Every structure is written in structure tokens, then in C-alpha cells.
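The structure appears right after this line, and notes come after that.
The values are calculated or read from the model by the stated rules, or taken from the named source; none is laboratory data. In this text the structure is predicted, and so the values were computed from the model without any measurement. Note that each Cβ is placed from the backbone with ideal geometry, even for glycine, and that neighbours are counted across all protein chains shown. SASA here: full protein model, heavy atoms, side chains in, ligands and nucleic acids out. Shrake-Rupley method; radii C 1.70, N 1.55, O 1.52, S 1.80 Å.
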Amino acid sequence: MSINYKALRRPAAALSALALVVGSAAPALFGASQASAAQLTSREVQMSDSAPSGTAFTGVGSGDAVSYTVTFTTSASMQSFVVDFCSNTPLIEDSCTAVSGLNASAATVGTVPVNWSLGALTASTLKFTSTAPQGAGAVSFEVNGVTNPDVVGSFYARITTYTDAAYGAGTPYVSAADVGTYVDYGGVAMSINETITVTARVMEQFSLCADGGVA
């Protein structure tokens, strides 16, 4: 008798992406206009499935219809923020190379704070905006329906926050390499892992009951 098992991914808690410490001097790299920007603390992006997309699997392990939960703590109030996904670096304002297979353009809002909603989306960018400013502190935003990258390995999320609802008063966000006048920022490392398939063979057993019957 042969039983096939598709190993589920590691527990969801273990899928939390690790926040990258960019360094306290990092704002100096971003120009004088951003010298007062502060790093987002306790930042992570948690995936409900860390498998690559485009596989033969369905459900967990397929890399499709994945939920991404973005969590961070701000040092100042915000009314909008952007998450850019890049394959080459988490550093804010550096050039951003597209992540193969990643598609967030069909994402839908999951659990988010009151007054917040999704803005315009692209394959590699999530935008959130609020009808009222959100005070400094810890926040968590969930989106559903993201398609994971189709290659195994690391990729990165860049997060920038803004004081207004238009992604940067005066100088708005344009792209991952031209993020406008942001307030807080941070990079997060994420990882796509191979789906593991385990095949087990269980030998049949023959035993006798105490009354002499065959079990």
C-alpha cells in the first residue's frame, strides 16, 4: 500500500520575512531632503505560502492566491504608504529589478485598520491610503490574491510612508527608484522555497487476536 503526502509549508509563523537593518546612517544615502526620515521598526512581511508559483500543486504549496501581511511600527503619523517588491536590493531609492513571476496587481484587501484601503496596484507594487491620518505606532495590513515569484530564492520589499493621502506632499511617489518625499522607510528580506513532496510506503501487517481469530 502506497501513501503520498505533500508536505505543507513550514508553519506560518516561520514564514515571517526578516527585517533588514539598513543602518542608522542610511538616510544620508538618500539625499538631504530625507535626512530626517526614520526607519520602520518591527517590520516584516508574512506570506501564507512560501512556495514558488507555476507548479503543478494546488492549494498551499502552489504559490497562488497567497496572503501577504505587512506589519511595521512607524515613528510618525502617516496617511499612505507604498510597498515595492524588488529582486536585487531592499535599499530605498536604488534601482529596482522586477521579481520574476510575482503579481500583486489582482490583490484584494484583507484585514486592515479602519479607514484604510488599497490604492492603484501593479505587479510589483502595493499602495495603501487612508481617509484620515494614522498616528505613530504598530500597524498591520493584509492583502489576498498575490501570486508568488516563480523562482526559488530571496527577494525584497521596500516600504515608504507618507504624511498625506497622495503618497508624498509636493514631491509624490513615482516608482521604486523615485519614491518622493517619504517619512519612514524600511527594507524586508523574503524567501521562496521549493515545495517538498514526501512519498511513504507502509507495509501491511498480519496479527492474531487472543481468541485465535485473524485480525
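Using the heavy atoms of the protein chains alone and a 1.4 angstrom probe, what is the accessible area of the range 97-162 per residue in square angstrom?
Accessible surface, normalised per residue, equals 40 Å².
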Sorted by packing (mean other beta-carbon atoms within 10 Å per residue), highest first, where do 54-65, 103-114 land?
54-65, 103-114
What accessible area, in Å² to the nearest ten, does a 1.4 Å probe give for Val151?
80 Å²
Residues whose placed amide H lies under 5 Å from that of Ala169, excluding near-sequence neighbours
Thr163, Asp164
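How much of the accessible area of the range 113-200, in percent, comes from carbon and sulfur atoms when a 1.4 Å probe is used? Display every interim value, and only then the final one.
Details: 1950 of 3430 Å².
In the range 113-200, the share of accessible area belonging to carbon and sulfur is 57 percent.
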